[in-house]
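First the structure, in the form of structure tokens, and then the observations on it.
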Amino acid sequence: MMARRKRSVGELISSLVFFFAGLWLMNEGKSLFFLDEIFKGIIVFIGGALSFAAAFRFKIQKLFGDRSD
């Protein structure tokens, strides 16, 4: 069983930045897509989705467990 670790202020700030940057980039990607800049819109949207997922990196790590073997 893993001991619960307290998050530092820096980790919380970076999670918030990943979260809001991801939302912003996904919105920008959607806007570019509707402006007929399809390829650029897809790339920006994917980057936003990855940034959004990075905001939940600690939850994802907990979900898959510590597989550092």
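All of the numbers you see were taken from the coordinates with simple rules; none came from a lab. Predicted, not measured: the structure shown is a model, and the values here were computed from it. All Cβ positions, even for glycine, are placed from backbone atoms using ideal geometry, and neighbour counts span all protein chains on display.
For the stretch 26-69, the set of residues classified as crowded, with 16+ Cβ neighbours inside 10 Å, assigned to a helix (DSSP H, G or I) and not acidic (D, E) consists of M26, G29, L32, F33, G41, V44, F45, G47, G48, S51, F52, A54, listed by residue number. Of the residues making up the stretch 38-55, those that are of a type outside the set (K, R) and without any contact (Cβ under 8 Å) to a residue 24 or more places away in the chain are I38, F39, G41, I42, I43, V44, F45, I46, G47.
Taking first residues from the stretch 6-28 that are in contact (Cβ under 8 Å) with a residue 40 or more places away in the chain and partners that are of a type in the set (A, V, I, L, M), the Cβ contacts under 7 Å between residues at least 6 apart in sequence or on separate chains come to S15/A55. Residue count for the stretch 4-25, restricted to those that are of a type in the set (S, T, Y) and not in a helix (DSSP H, G or I): 1.
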